[in-house]
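Here, each number is a calculation from the coordinates, and none is a lab measurement. In this text the structure is predicted, and so the values were computed from the model without any measurement. Using ideal geometry, Cβ is built from the backbone for each residue, glycine included, and neighbour counts are taken over all protein chains shown.
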Amino acid sequence: MWDLTYTISEDMLLYPGIPQPILHDFATPQKDGYGMSDYAFWNHLGTHIDAPTHFYADGASLDEFPLEAFVRRVHTIHCEDQSSISASFLSQATKHIPHHDGLLLLTGQYRYWGTPRYFDPFPVLSEESAQHLVREGYTMILVDAPSVDSVDTESFPIHRILLRHPLLIVENLAYQPDLTEVFHITALPLKIKNSNGAPARIIATT
């Protein structure tokens with residue numbers, strides 16, 4: 001088994017503009033005989049899942065997806081050497097992959113997690129390639145990077161294309177180099193009513 005989840009902490013490096021989480025123990029076993037904590041953080045931080053309601057008011061929220069949507073076979077697409085993930089590259093890379101499966105677009109950014117370099121330019125889908133994924137019917141797109149869009153975007157075109165359809169986006173996947181090329185995941189977000197996204201614990205198995 002592989003844990004593909006980054007740990008949430010107060011000192012974690014975050015997407016530009018997102019405030020640091022606050023993790024406060026207001027009771028501890030040492031002082032109070034029991035432990036309880038107050039957690040405050042934005043829902044799109046660390047390893048998390050985006051729902052269609054992230055950009056569309058009429059889209060599905062995470063709590064509306066059936067459980068099987070979060071359990072997927074995933075195929076790794078190596079994009080480390082691509083400056084942009086073109087439709088022609090993607091079409092060739094996915095030609096033998098069943099369309100109901102998930103795709104990990106491996107950019108190599110996982111190597112820089114926790115450092116400013118993590119937010120440097122990384123390979124992202126072109127609008128044409130995002131539309132190709134939608135047409136082919138893939139159900140989940142995962143990235144080992146901060147976003148499926150470039151960090152400097154103001155319009156988020158790739159999010160808008162992918163989330164207009166009933167698929168899920170997993171960002172900040174904590175990739176492990178010994179992970180098999182094809183694997184199964186259980187990616188369970190917090191179950192929050194009307195959630196447009198949530199941190200998720202993502203476990204992979206062969």
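Some observations on this one:
- Rounded to 10°, Cα long-axis angle of helix 127-136 versus longest principal axis of the chain: 90 degrees
- Most mobile listed residue (F70, F26, F122) in the chain, GNM with C-alpha springs under 10 Å: F26
- Separation of alpha-carbon centers, segment 3-38 and segment 121-199, rounded to whole Å: 25 Å
- Note on K193: aspartates and glutamates with a C-alpha under 17 Å away, same-chain residues under 8 apart excluded, are D50, D58, D63, E64.
- Lys, Arg +1 and Asp, Glu -1 on Cβ, resulting dipole of segment 41-161 about Cα centre, debye, nearest 20: 320 debye
- Whether segment 84-206 is rounded, prolate or oblate, judged on the alpha carbon gyration tensor where a/c under 1.5 counts as rounded: rounded
- For the chain, the Cβ-based charge dipole about the Cα centre amounts to some 360 debye (Lys, Arg positive; Asp, Glu negative; other atoms uncharged).
- Anisotropy class of segment 145-206 from Cα gyration tensor, a/c 1.5 cut: oblate
- Mean residue ellipticity (222 nm) of the chain, computed from DSSP H runs ≥ 4 via -39,500 (n - 2.57), nearest 500: -3500 deg cm²/dmol
- In order along segment 86-95, the phi-based Karplus estimate (6.51 cos²θ - 1.76 cosθ + 1.60, θ = phi - 60°) of 3J(HN,Hα) comes to 7, 5, 5, 4, 5, 4, 5, 5, 10, 5 Hz; Gly and Pro are listed as x.
- DSSP assigns beta bridges within the chain; of those with both partners inside it, close to 65 percent run antiparallel.
- Net charge of Cβ neighbours under 10 Å - reference A198; Lys, Arg +1; Asp, Glu -1: -1
- Here the gap between T28 and R135, fully extended at 0.36 nm per residue and compared with their Cα-Cα distance, gives a gain of 33.3 nm.
- Exposure proxy ranking for V143, V124, V134, V71, based on other Cβ atoms within 10 angstrom of each Cβ and starting from the fewest, stands as V71, V134, V124, V143.
- Rounded to the nearest 0.05, the FRET efficiency derived from the C-beta distance between E10 and T153 at R0 = 30 Å is 0.65.
- Sites listed here are trypsin sites (Lys or Arg not before Pro) in segment 87-142 whose DSSP assignment is loop and whose Cβ has at most 16 other Cβ atoms within 10 Å: K95.
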